[in-house]
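The next block holds one structure in the form of structure tokens; read it before the comments.
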Amino acid sequence: MRSGATPGPNLDALEALAHEAAAQGAVYALSPEVTVAYSADREQLVKVAWPWQNNPAIARCAQIARDTGLTLHLGSLAVVLDDGRFANRSVVFSPEGAITATYDKIHLFDATLPGQRDYRESATYSGGDRAVVAEAAGLKLGLTICYDVRFPALHRALAVAGAEVLAVPAAFTVPTGEAHWEVLLRSRAIETGSYVIAAAQAGQHENGRATWGHSMIIDPWGRILGQLGGDGPGVLVADIDAGEVAAARGKVPALANAREFSLSVNPVGAS
């Protein structure tokens with residue numbers, strides 16, 4: 001997607017894309033991070049975000065799931081918390097429109113990119129503290145959001161807990177996306193023997209930011225099954241076979257072979 005700052009048009013775009021995905025035979029659909037509103041700053045976000053209870057965006061997404069018959073995975077939306085900050089929350093809906101899982105982004109992007117503005121997600125968002133594996137369209141789905149992709153331990157924990165598919169909704173910056181997006185996604189797939197489905201914001205947004213895009217679906221052997229470009233919107237569909245997960249983990253049983261270890265850091269020159 002190429003979400004703007006106002007929820008209404010973004011939800012209209014999501015609905016159209018969801019119907020397109022269903023028409024192509026999809027049974028599960030993932031949208032990008034900040035699908036509902038991609039705000040430039042906290043001041044703008046305050047105007048368009050709602051609390052969790054009676055959230056109109058959640059109600060709209062539930063209806064989209066019912067209308068399309070999809071397991072609809074809303075990549076994320078900002079949810080107002082009691083302390084004045086926000087949760088960056090992912091929500092999974094059943095084809096009947098029921099909420100079957102939620103996940104709050106654990107790792108917050110606090111960084112300064114060379115020649116770029118500062119990013120301080122922790123000033124606006126409160127990080128989650130719970131990893132989530134959910135049932136989705138007959139598969140076990142591990143939930144992550146964007147910056148989480150840089151933390152292999154989270155993905156390994158999800159895979160050990162049974163996840164066969166890792167969802168990575170994102171709004172990657174152009175510099176980091178160009179340098180790292182593909183290699184990070186393929187690494188997470190290879191390390192865990194899991195499918196990775198990565199839906200990304202793409203293009204120049206009305207808030208002045210540009211995102212890398214290149215949504216892709218990767219199999220458990222690290223092969224890219226499909227990829228979109230860098231200027232959304234669009235729909236990408238691929239077949240998922242749980243047998244491929246078992247096959248990849250059987251060929252390279254990295255999850256089973258992992259061992260606990262202690263760490264000793266010796267001073268330079270010590271014997």
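Every read-out reported here was derived from the displayed coordinates using simple, explicitly stated rules and does not represent laboratory data. Bear in mind the structure is a predicted one, so any value in this text is a computation, not a measurement. Cβ placement follows ideal geometry from the backbone for every residue including glycine, while neighbour counts extend to all protein chains displayed.
When shorter helices are ignored and each DSSP H run of at least 4 residues is given -39500 (n - 2.57), the per-residue value for the chain at 222 nm works out to -7500 deg cm²/dmol. Each DSSP beta bridge with both residues in the chain is either parallel or antiparallel, and the antiparallel ones are about 70%. Could you name the lysines whose alpha carbon sits less than 25 Å from that of K47, not counting residues in the same chain fewer than 8 places away? Reachable lysines: K105. Of the residues T211, T192, H73, the one whose Cα sits farthest toward the positive end of the charge dipole of segment 7-257, with +1 on the Cβ of Lys and Arg and -1 on the Cβ of Asp and Glu, is T192. Equivalent ellipsoid of segment 11-152: semi-axes from √(5λ) of the C-alpha gyration tensor, largest first, are 26, 17, 15 Å.
Distant-in-sequence amide contacts of F93, defined by a placed amide H-H separation under 5 Å and a gap of 5 or more residues or a different chain, comprise L72, H73, L74, T100. Among beta bridges from DSSP that stay inside segment 132-230, the antiparallel ones total about 65%. Counting 0.36 nm for each residue step from V183 to R259 and taking away their Cα separation leaves a gain of 24.9 nm. Across segment 83-161 the C-alpha pair distances fall into 5 Å bins from zero in the proportions 3, 14, 21, 21, 17, 12, 7, 4, 1, 0 percent. In summary, the helical segments of the chain meeting the span-like criteria, namely a full DSSP H run, a Cα extent along the axis of 20 angstrom or more and a mean Kyte-Doolittle hydropathy of at least -0.5, are 7-23. In this structure, the amide hydrogen of K140, modeled 1.01 Å from its nitrogen in the peptide plane, lies closer than 5 angstrom to those of E164, V165, counting only residues at least 5 positions away or on a different chain.
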